[in-house]
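Reviewing the structure listed below.
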Amino acid sequence: MKYFMDFEATQFEQEIISVGCVDENGKEFYSLVKPHSMRKMTGFITELTGITNDELRKAPDADAVFSELYDYINKNERSEFFCYGNCDGRFIKVTLRYVKTFKAQCMLGLILSSLNDVSPEISCIFKTNQTISLYKLADYYGAVEERSHHALNDAKLLKHVYEHSRGEEPEECPFPEYVRVTKTERIPDAEPEQVGVPHVTASHGDKTFGFASYGKAADWIITHVLPKNAMITLDTKSNISNRIVQAVANGNTYHGYTWAAPNKNRKG
């Protein structure tokens, strides 16, 4: 049985705060998860997911949630678990530190031991060395679920993308922003395209650059800021995006730029 999963987690400790799962037949599971320490919740995660501290205080803990998930899965068949991106394995490992019940430990261990990250395969299909946004793929394949960083919605989007990408052999990548960039194509002095209302900005001296997303900012760093001989892997963009998120949250500089998220203070 195939299970498509997504997790939301605290920003720095990366402890699971919600889990969404849908099996290949469409049977769904969703729950918030009260983290071991509420002090690890940040405003950034609330803004991203819509999950509030009050909701998490009332949520069941990881032992209860993953024991229930253990009862949800079909144990008469071999289970395969699918995620999108390389973060979910880390979330599971962190949460495993705090669970005590046998069922919860078995469930998290089972997921971790047979977790398949779909993103490298998708990148290979579309001939790019970057991880394509799940939401862009969902739009490409005509999925109807909301794009909202909600664990169950994202699990359903993953199921849709996985099923529709089987046998896909596009002649050209339909996502030009993700086309493979070679070292000889890099232009170190190029500046990013400005956006009307940037989601994140990078400032240095009297220059401020705006980006529509953390992913776009990471793409710019990979293409124009990193040295020509820098080693680029499938994890590079995710790691850079996470560093930018941390720089915004802590007011730190990263690659010589001061990072900020102007939209955090906008209303309406």
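The values are calculated or read from the model by the stated rules, or taken from the named source; none is laboratory data. This structure is a prediction, so every number in the text was calculated from the model and none was measured. As a convention, Cβ positions derive from the backbone with ideal geometry for all residues, glycine included, and neighbour counts pool all protein chains shown.
Selection over segment 1-55 of residues that are under 14 Å from HIS150 (Cβ atoms) and among the hydroxyl-bearing types (Ser, Thr, Tyr) gives a count of 6. Among the residues making up segment 1-17, those that are surrounded by fewer than 23 Cβ atoms within 10 Å (Cβ to Cβ) and either part of a strand (DSSP E or B) or without any contact (Cβ under 8 Å) to a residue 12 or more places away in the chain (or both) are LYS2, GLU8.
Taking the criterion of being touching a residue at least 12 places away in the same chain (Cβ under 8 Å) and within 17 Å of LEU48 (Cα to Cα), the residues of segment 231-261 that qualify are SER238, SER241, ILE244, VAL245, GLN246, ALA247, VAL248, ALA249, ALA260, ALA261. Filtered by the rule that a residue be in contact with a Ser or Thr (Cβ under 9 Å, 6 or more places away or on another chain) and either outside the structural domain of TYR257 (by TED's automatic domain parsing) or at pLDDT 80 or above (or both), segment 200-213 gives VAL200, THR201, ALA202, SER203, THR208, PHE209, GLY210, PHE211, SER213. Among the residues making up segment 99-153, those that are modelled with pLDDT of 95 or more, part of a loop (DSSP other than H, G, I, E, B) and surrounded by fewer than 18 Cβ atoms within 10 Å (Cβ to Cβ) are LYS100, THR101. Contact map, segment 79-91: first residue on the phi > 0 side of the Ramachandran plot, second residue hydrophobic (A, V, I, L, M, F, W, C), Cβ cut-off under 8 Å, separation 6 or more or different chains; pairs are GLY85/LEU134. Assess whether ASP63 counts as being free of Cβ contacts under 8 Å to residues at least 60 places away in the same chain, in contact with a helix residue (DSSP H, G or I) (Cβ under 7 Å, 6 or more places away or on another chain) and among the acidic types (Asp, Glu). Here the answer is yes, as ASP63 does meet what is asked.
Among the residues of segment 50-98, those that are over 17 Å from GLN14 (Cα atoms), crowded, with 18+ Cβ neighbours inside 10 Å and among the aromatic types (Phe, Trp, Tyr) comprise TYR70, PHE81, PHE82.
Looking at this structure, is ILE111 aliphatic (A, V, I, L, M), over 15 Å from the mean Cα position of the chain (by Cα) and within 19 Å of GLU28 (Cβ to Cβ)? Against the criterion (aliphatic (A, V, I, L, M), over 15 Å from the mean Cα position of the chain (by Cα) and within 19 Å of GLU28 (Cβ to Cβ)), ILE111 qualifies. Just to be sure, is GLU47 over 18 Å from ALA9 (Cβ atoms) and outside the structural domain of GLN246 (by TED's automatic domain parsing)? No.
When you look at PHE44, is it at pLDDT below 95 and touching a helix residue (DSSP H, G or I) at 6+ places or on another chain (Cβ under 9 Å), yes or no? For PHE44, the condition - at pLDDT below 95 and touching a helix residue (DSSP H, G or I) at 6+ places or on another chain (Cβ under 9 Å) - is met. Taking the criterion of being assigned to a helix (DSSP H, G or I) and in contact (Cβ under 8 Å) with a residue 12 or more places away in the chain, the residues of segment 24-42 that qualify are MET38, LYS40. Of all the criteria given as (1) more than 20 Å from the chain's Cα centre (by Cα); (2) closer than 19 Å to HIS150 by Cα, the one not satisfied by CYS83 is (1).
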